[in-house]
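What follows is a single structure, written as structure tokens, with notes after it.
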Amino acid sequence: MTWTAPILPLAESAASCGGIGTYAWAFGQGVLVDLTPCVYPLIPVTVAIFGAKGVSKAKALFLATAYVLGMATLYTSLGLGVALLAGGAGFGTWLANPVVVVPLVLILLALAASMFGAFELQLPSSLETKLSSVGGAGPMGAFLMGLVSGLVSAPCTGPVLLNLLAFIAASADQPGGLFFGGSLLFTYALGMGTLFFAVALGASLFKPGPWMDHIKSVFGIALIVMAFYFMRPLSPALSGFVINPQWGLWLGVGIFVVGVAAGAVHRSFHGPMSEKLTKGAAVAVASFGAILALNNFMYVELTADWKQVETLDELEAAIARAEEAGKPILIDFGASWCNPCHELESQTFSNPEVEAELAKYELIKIDVSDPSEDQEAMQAALDAKELPSVVVYASDAKISEHVDTLRAGEPLPEPSVHVTTFVPPDEFLSRLAGSGVQANASICSRG
């Protein structure tokens with residue numbers, strides 16, 4: 001039995017560097033940011049300044065496009081920069097280190113507090129004035145204004161942007177991480193640009209009001225859930241916190257709804273003490289419900305007989321057991337911070353037809369979230385430094401003859417199958433069949 005790691009809401013649906021769910025989530029973040037008090041009131045003013053007022057709708061749309069491309073250039077550059085830095089530094093492995101995780105969690109919780117109004121993030125007035133004067137009429141002016149708009153609106157956009165950048169950094173070690181970082185922030189910028197396009201085409205905006213602070217509260221709860229996500233690799237108790245999977249998800253959703261109804265979003269921390277206490281309790285309840293729902297939603301039960309291996313002695317014993325029984329060997333290297341590893345568990349290994357086939361294998365799991373010397377030797381010998389790594393040997397591979405090589409961390413013979421990214425059930429079974437390892441298995445349709 002195992003559990004997958006919750007990412008952010010909707011993000012886990014495509015966490016292997018950028019499926020449609022992840023991009024929809026980022027786009028929605030951009031739209032919601034526009035509805036905060038730091039951005040929303042400035043939209044019609046900004047459109048008028050860069051020249052969209054009093055011109056044809058076609059030209060207004062052209063200028064709005066230039067402005068949004070300016071925003072996209074800024075955010076895409078940030079996404080690429082974070083992916084490059086984090087990918088090169090192995091940021092994913094740091095997520096199992098409390099020295100890295102605890103400060104990150106504290107920052108996210110502080111940003112959540114700012115969303116609830118505990119304090120205001122504010123640029124120096126002199127810098128804000130200079131940034132606001134950048135640009136002018138025409139497409140180049142609109143582009144330059146868009147380029148600096150992220151800095152001007154930083155009090156509201158900053159926490160959300162840092163949230164996205166932290167998520168990109170956590171995924172940077174995976175294949176395609178660089179493209180993912182840039183494209184996710186580009187999508188976020190497009191989300192922010194939707195209202196600018198609407199105003200440029202003459203659409204009327206909603207009247208500003210307290211509802212904009214409610215949007216900030218939504219972001220505050222999201223940041224709390226994000227902080228919980230980064231804490232999960234540090235504690236099996238956190239990652240394994242689920243209620244009965246038959247109804248635990250709905251219990252979490254119900255608790256979240258109760259918290260929202262009690263005032264997690266619409267009440268304020270700026271009212272009387274009774275309202276502050278009610279708001280605080282409601283935020284705690286809503287956050288707990290969201291966390292519980294996510295953990296239960298990501299729960300997956302593997303019925304196949306997986307053996308956890310931590311030492312070379314245990315691996316040697318598993319190999320000997322497989323050879324004695326005439327079974328092929330499948331070794332799955334994973335980590336608590338590896339998103340595609342969790343996708344393999346939740347979508348591929350838990351597939352009924354895949355599990356039926358895997359019953360014929362000696363199944364070995366090696367968790368390298370914080371690898372020991374033995375586990376590092378296993379990774380080196382099996383060429384499993386890149387995660388995920390699923391290594392398959394045929395029943396006649398006679399790996400036991402290479403135990404000395406394994407203990408030295410030197411490369412073992414080439415495996416029959418080596419999977420280094422997420423693959424759906426049908427492709428996984430196809431690879432097994434094509435290698436000659438799979439016996440009497442039909443190719444499943446993806447369910």
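The values are calculated or read from the model by the stated rules, or taken from the named source; none is laboratory data. Since we're looking at a predicted model, the values are computed, not measured. With ideal geometry, Cβ positions are generated from the backbone for all residues, glycine too; neighbour counts draw on all protein chains shown.
Tell me whether segment 83-90 contains one or more residues that are closer than 19 Å to Met192 by Cβ, at pLDDT 65 or above, assigned to a helix (DSSP H, G or I) and not acidic (Asp, Glu).
There is no residue in segment 83-90 that is closer than 19 Å to Met192 by Cβ, at pLDDT 65 or above, assigned to a helix (DSSP H, G or I) and not acidic (Asp, Glu).
Select from segment 184-220 the residues that are at pLDDT 85 or above and hydroxyl-bearing (Ser, Thr, Tyr) and write down the one among them that is farthest from the chain's Cα centre (by Cα).
Selected residue: Thr194.
Asp383 - would you say it is part of a loop (DSSP other than H, G, I, E, B), over 14 Å from Ile329 (Cα atoms) and at pLDDT 85 or above?
Judged against the criteria, Asp383 is a match.
Test Ala262 against the criterion of being surrounded by fewer than 16 Cβ atoms within 10 Å (Cβ to Cβ) and in a helix (DSSP H, G or I), and give yes or no.
No, not satisfied.
Which numbered condition in (1) at pLDDT below 75; (2) surrounded by 14 or more Cβ atoms within 10 Å (Cβ to Cβ); (3) not in a helix (DSSP H, G or I); (4) not aliphatic (A, V, I, L, M) is the only one that Phe119 fails?
(2)
Kindly list the number of the only condition in (1) modelled with pLDDT of 80 or more; (2) assigned to a loop (DSSP other than H, G, I, E, B) that fails for Ser445.
All conditions pass for Ser445, except number (1).
What pairs can you find where one residue is in segment 332-343 and within 16 Å of Leu234 (Cα to Cα) and in the same structural domain as Tyr361 (by TED's automatic domain parsing), the other is assigned to a helix (DSSP H, G or I) and among the polar types (S, T, N, Q), and their Cβ atoms are less than 9 Å apart, with a gap of 6+ or different chains?
Ala335/Thr93; Ser336/Ser239; Trp337/Thr93; Asn339/Ser171
Which one of the conditions (1) touching a residue at least 12 places away in the same chain (Cβ under 8 Å); (2) of a type outside the set (A, V, I, L, M); (3) over 18 Å from Ala335 (Cα atoms); (4) out of contact with any Leu (no Cβ under 6 Å at 6 or more places or on another chain) does Tyr229 fail to meet, given that it meets all the rest?
(3)
Please go through segment 263-296 and give me each residue that is without any contact (Cβ under 8 Å) to a residue 24 or more places away in the chain and either among the hydrophobic types (A, V, I, L, M, F, W, C) or touching a Pro at 6+ places or on another chain (Cβ under 8 Å) (or both), ordered by number.
Met273, Leu277, Ala281, Ala282
Among the numbered criteria (1) surrounded by fewer than 17 Cβ atoms within 10 Å (Cβ to Cβ); (2) at pLDDT 90 or above; (3) farther than 30 Å from Gly409 by Cβ, which single criterion is violated by Ile255?
All conditions are met except number (1).
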